[in-house]
Amino acid sequence: MNLDFSQIVPYIPFMLEGIWVTLKFVSMSIVVGFLLGTILALCKITNVTFLKGLANVYTSAFRGTPLILQLMIIYFAVPQLTGYDISAYLSAILAFGLNSAAYVSEIIRAGILAVDRGQTEAAEALGVSYKQMMVDIILPQAIKNILPALMNEFITLTKESAIVSVIGYLDLMRRAQIVGADLYRNFEPLLFVGFIYWFMVYILTQIGKVVERRMRQSD
């Protein structure tokens, strides 16, 4: 086998920088996804037909089309329509955040509906407003129940983040491609960043297990 990992040694610092670059936009994306997903989840359980329909259409559109298509529309098509030259970093955050919101909304909606109906009835009987009930009673319990699922969404976003290499964003995958093109050797840099992806996902998985275990102990 024609393998020589010593050739990628000078490029290791360059590739390792991709860890921070990747986690930076993934973290921002999950924040956007969580905030927008929470709003969408509340729209889905409301009695306002228009808001419920709008949230369902949004979820269907983003869950029914490939993430890479959404990314390329934001990066290539939006500038064509608006004349605004959007950066690869912002495109990545928007594409992943908007896509994640569709999935997070379903997770949060399920968590809200899983809260005992009696608590809602008790709050209404005490004259607690809908907003206060959601913020102080329902959402804290729902988030506690769905935290493992949200962690899985973060792990999924981390793995799928490699897609941003198609728009030239200098994440881990793009850096491996640059090193491969420079050395005319692709297996070694791709295997190296593959190990980094696996390690990041492994760490996040272990964190998720710890969180889930503590959540069960606190019940």
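The values are calculated or read from the model by the stated rules, or taken from the named source; none is laboratory data. Nothing here was measured: the structure is a model prediction, and the numbers come from that model. We place every Cβ from the backbone using ideal geometry, glycine too, and count neighbours over all the protein chains shown.
Checking the stated criteria, A102 turns out to be over 19 Å from V21 (Cα atoms) and within 19 Å of the chain's Cα centre (by Cα).
Residues checked against (1) modelled with pLDDT of 90 or more; (2) exposed (fewer than 14 other Cβ atoms within 10 Å of the Cβ); (3) assigned to a helix (DSSP H, G or I); (4) within 17 Å of the chain's Cα centre (by Cα):
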{"site": "A149", "(1), (2), (3), (4)": "no, no, yes, yes"}
{"site": "E153", "(1), (2), (3), (4)": "no, no, yes, yes"}
{"site": "K159", "(1), (2), (3), (4)": "yes, no, yes, yes"}
{"site": "A176", "(1), (2), (3), (4)": "yes, no, yes, no"}
{"site": "G180", "(1), (2), (3), (4)": "yes, no, yes, no"}
{"site": "G194", "(1), (2), (3), (4)": "yes, no, yes, no"}
{"site": "Y202", "(1), (2), (3), (4)": "yes, yes, yes, yes"}
{"site": "G208", "(1), (2), (3), (4)": "no, no, yes, yes"}
{"site": "R214", "(1), (2), (3), (4)": "no, yes, yes, no"}
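The C-beta contact set for region 95-122 (first residue in contact (Cβ under 8 Å) with a residue 12 or more places away in the chain, second residue not in a helix (DSSP H, G or I), distance under 8 angstrom, 6+ apart or interchain) comprises R109/I45; I112/I45; L113/I45.
Selection of region 161-174 for residues being assigned to a helix (DSSP H, G or I) and not β-branched (V, I, T) yields S161, A162, S165, L172, M173, R174. From T59, T82, grab the single residue that is hydroxyl-bearing (S, T, Y), touching a helix residue (DSSP H, G or I) at 6+ places or on another chain (Cβ under 6 Å) and more than 23 Å from S165 (Cα to Cα). Among T59, T82, only T59 is hydroxyl-bearing (S, T, Y), touching a helix residue (DSSP H, G or I) at 6+ places or on another chain (Cβ under 6 Å) and more than 23 Å from S165 (Cα to Cα). Answer with yes or no whether I108 is surrounded by 11 or more Cβ atoms within 10 Å (Cβ to Cβ), at negative phi, modelled with pLDDT of 90 or more and part of a helix (DSSP H, G or I). The answer is no for I108. Contact map, region 2-31: first residue free of Cβ contacts under 8 Å to residues at least 12 places away in the same chain, second residue of a type outside the set (A, V, I, L, M, F, W, C) and surrounded by 14 or more Cβ atoms within 10 Å (Cβ to Cβ), Cβ cut-off under 6 Å, separation 6 or more or different chains; the map is empty. Check region 119-139 and report whether any residue there is surrounded by 18 or more Cβ atoms within 10 Å (Cβ to Cβ) and closer than 23 Å to R213 by Cβ. For region 119-139, residues surrounded by 18 or more Cβ atoms within 10 Å (Cβ to Cβ) and closer than 23 Å to R213 by Cβ: present. So if I check each of I74, I68, I93, which one is touching a Phe, Trp or Tyr at 6+ places or on another chain (Cβ under 6 Å), in a helix (DSSP H, G or I) and of a type outside the set (D, E, K, R)? So the residue among I74, I68, I93 that is touching a Phe, Trp or Tyr at 6+ places or on another chain (Cβ under 6 Å), in a helix (DSSP H, G or I) and of a type outside the set (D, E, K, R) is I93.
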